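See structure below.
The values are calculated or read from the model by the stated rules, or taken from the named source; none is laboratory data. Computed from a prediction, not measured in an experiment: that's the story for all the values here. Cβ atoms come from the backbone with ideal geometry, glycine included; neighbour counts cover every protein chain shown.
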């Protein structure tokens, strides 16, 4: 067996006596691993950016402020029962359907000389109904401020 050529470890050049030709590397062989390393690096950066954005969104997310309960006021004017009896239906005293939320409050002042019914509430002459809706539901019943056969609906949402 012929002896191996000596290689200077500092220079990497072949010493005298070596008859072999230096081997050139194929650039195409080197591009494959470099390309894969680049793609892996790009994928890792994208994952880190996605994680960072997710953390930022969670940390900076604020819940909307709690809903403040609202007060709905209605006045049944004096003479309403007389108008309804004549067939003169007053407008704008109470809506056909009122949609509100749990915790909202309703005040209905009856200035008329007659008692009135709105949905499930009866308001005597000269009195004020003051009610806070404690739970979700549907209140449906007669509406005497619009005449016989009319209904008032109060829908309470969460």
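Filtering the range 86-108 to residues that are over 21 Å from residue 135 (Cα atoms) and either modelled with pLDDT of 95 or more or surrounded by 11 or more Cβ atoms within 10 Å (Cβ to Cβ) (or both) leaves 88, 89, 90, 93, 94. Evaluated against (1) over 24 Å from the mean Cα position of the chain (by Cα); (2) surrounded by 12 or more Cβ atoms within 10 Å (Cβ to Cβ); (3) modelled with pLDDT of 60 or more, residue 14 falls short on exactly one condition, (3).
Among the residues of the range 73-92, those identified as closer than 11 Å to residue 146 by Cα and without any contact (Cβ under 8 Å) to a residue 40 or more places away in the chain are 83, 85, 88, 91, 92. With the structure loaded, tell me whether residue 63 is surrounded by fewer than 15 Cβ atoms within 10 Å (Cβ to Cβ) and part of a loop (DSSP other than H, G, I, E, B) or whether it fails that test. For residue 63, the condition - surrounded by fewer than 15 Cβ atoms within 10 Å (Cβ to Cβ) and part of a loop (DSSP other than H, G, I, E, B) - is met.
When the strands (runs of 3 or more DSSP E) confined to the range 94-158 are screened for residues that are in contact with a strand residue (DSSP E or B) (Cβ under 6 Å, 6 or more places away or on another chain), those reaching at least 3 such residues are found at 97-101, 105-110, 116-118, 128-132, 137-142, 151-157.
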